[in-house]
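Novice: The structure follows.
The values are calculated or read from the model by the stated rules, or taken from the named source; none is laboratory data. Computed from a predicted structure; not experimentally measured. Positions of Cβ are backbone-derived with ideal geometry, glycine not excepted, and every protein chain shown enters the neighbour counts. Heavy atoms of the whole protein, side chains included, go into the accessibility calculation; ligands, DNA and RNA do not. Shrake-Rupley method; radii C 1.70, N 1.55, O 1.52, S 1.80 Å.
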Amino acid sequence: MTMRAAARRPAFAGCSCLSCVDGPAILLAQFRARADTPCRETEMLEDKDGFAILHEPSVGDRRPATASKGHCTGHIMVGPWPGRVLNIESHLEQSWAYCLNTHPMTRTLCEQVSFRWQATSGKWLAHYFDFCVEQLDGLHIAYSVKPEARVTAKFEAEIAAIARQAIDTGFADDVRLLMDTNLDQVELSNAKLTYSMRKPDPEADNAAAEAIFQMTGVVTLAELTSRIGQGARGYRALIRNIGQGCLRLTRHELITHSTEVFRTGVAA
């Protein structure tokens, strides 16, 4: 599978202050109550007819090991809810996946995309790019993820040869190396926040869309939340709109209630 083929594939969380004496009994009662209450998560994964809505499987060319003694493994969901599985093989990969998934230029994000290249010995080998992105401008970017401490001269020479061949053959428009030292912690924190609130809430989302449509200029998230009138649900809906690109921050900062935003397509 080439990178361009991958890009054309179908898309895609108050303290109760329990006392030391009554705490255990209260907690037990709470757990029993939860056991008798339908799970909201399950309700959110059903359509209006009661049919289950499942995520789409990974489109990667290689499936990482389920477990490893040397590094973490796991997955996140990318694309519109409920999303598509994107496997990761390290905490660094997971961090970069969050950032790439929420980047405003990303249209499609895939992982473990295979590319055949020819070594200096003449032997043909398979290299798996950690991530491949199709951008909104049509460019295809291939990424390798590596901690700076593990970037050796041998690795640099090899990835340079792979990059040249990937670009020359039209597999990718550019090849980039992502390291831990390149991570912007503000961007990462905001990406995790938008990811954690990606689950739709139709009532709150519709109210937020109306508030955003009527807004002019720069407004704080706290003010917009007040206009929506649904408390935390309204705030979460605004975070989803930031993740979807409908709202944009005026400054590069951690997202809080005091963050100022403006509607995209309208001068701030």
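Novice: Run the numbers for Thr169 and Ser226: contour at 0.36 nm per residue of separation, minus the present Cα-Cα distance, in nm.
Specialist: 15.2 nm
Novice: Also, quick follow-up: Sort 57-65, 158-166 by the packing proxy (mean of other Cβ within 10 Å over each peptide's residues), most packed first.
Specialist: Peptide ranking by packing, descending: 158-166, 57-65.
Novice: Check Thr108: other-chain or 5+ apart residues with amide H under 5 Å from its amide H, H built from backbone geometry?
Specialist: Under 5 Å from the amide H of Thr108: Glu134.
Novice: To continue, here is another question. How large is the convex hull of the Cα atoms of segment 119-224 per residue, expressed in Å³ as a whole number?
Specialist: In segment 119-224, the Cα convex hull volume per residue is 171 Å³.
Novice: Also: Length gain on complete extension for the stretch Leu188 to Leu139, per 0.36 nm per residue less the alpha carbon to alpha carbon distance?
Specialist: Answer, rounded to one decimal: 15.3 nm.
Novice: What accessible area per residue comes out for segment 89-232, rounded to a whole number of Å², with a 1.4 Å probe?
Specialist: Accessible area per residue: 49 Å².
Novice: Tell me, rounded to the nearest percent, the portion of alpha carbon pairs in segment 62-111 spaced more than 18 Å apart.
Specialist: 29 percent
Novice: Now, a different point. Calculate, axis by axis, the spread of Cα positions in segment 97-144 along the three principal axes, and write the results as whole Å, longest axis first.
Specialist: So the three principal-axis extents are 41, 20, 12 Å.
Novice: Then there is this: Enter the per residue convex hull volume of segment 160-268, computed from alpha-carbon coordinates, in Å³ rounded to the nearest integer.
Specialist: 141 Å³
Novice: Evaluate the relative contact order of segment 96-159 (contact order divided by residue number), counting alpha-carbon pairs under 8 angstrom at least 6 apart; express in whole percent.
Specialist: 25 percent
Novice: Next question, about the same structure. Give me the Debye-computed log₁₀ of I(q)/I(0) at q = 0.13, 0.21 Å⁻¹ for segment 68-155, equal point scatterers on Cα only, no solvent, two decimals.
Specialist: Evaluating at q = 0.13, 0.21 Å⁻¹ gives log10 I(q)/I(0) of -0.51, -1.11.
Novice: What's the carbon and sulfur percent of segment 118-268's accessible surface, probe 1.4 angstrom, rounded to a whole number?
Specialist: Carbon-and-sulfur percentage of accessible area, whole number: 52.
Novice: How much length, in nm to one decimal, is gained on full extension between Lys154 and Glu253, taken as 0.36 nm per residue of separation minus their Cα-Cα distance?
Specialist: Stretched fully, the Lys154-Glu253 segment lengthens by 31.9 nm.
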